[in-house]
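Written below as structure tokens is the structure these notes are about.
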Amino acid sequence: MEVHVRDPSDFEDKLRVTAKHVDGHRMLHVDGSSVATCLTALSLDIGERTGQVPHVYLEWSEGEVLRRAIHDDDARPVVHVM
């Protein structure tokens, strides 16, 4: 996933996600006002569409966004901190 952060004061309830190929890798690109919100929304959407709990690998902790959105630990996307 690649997130392009736009003006943080520009809140929108829908995200536009595009897919592209970069150096032989498939990548999802999303524009949004917050990296955490975009990653959370996209992870939740992928989980709903696939019926699988997504795993997200980041270089920081999952923070409070996922905990507030999904109270059930077993249903929350798994964030791997490197």
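The values are calculated or read from the model by the stated rules, or taken from the named source; none is laboratory data. The structure presented is a predicted model; accordingly, all values stated were derived computationally and were not measured. Keep in mind that these areas ignore ligands, DNA and RNA; they rest on the heavy atoms of the full protein, side chains included. Shrake-Rupley method; radii C 1.70, N 1.55, O 1.52, S 1.80 Å.
Okay, here's what the table says:
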quantity	calculated
Selection within region 33-82 - at pLDDT below 85, open to solvent by less than 60 Å² (accessible area, probe 1.4 Å) and of a type in the set (A, V, I, L, M)	Val35, Ala36, Val56, Leu58, Val65, Leu66, Ala69, Ile70, Val78, Val79
Selection count, region 21-32, where residues are on the phi < 0 side of the Ramachandran plot and open to solvent by less than 80 Å² (accessible area, probe 1.4 Å)	7
Total residues in region 1-16, condition open to solvent by less than 60 Å² (accessible area, probe 1.4 Å) and assigned to a strand (DSSP E or B)	1
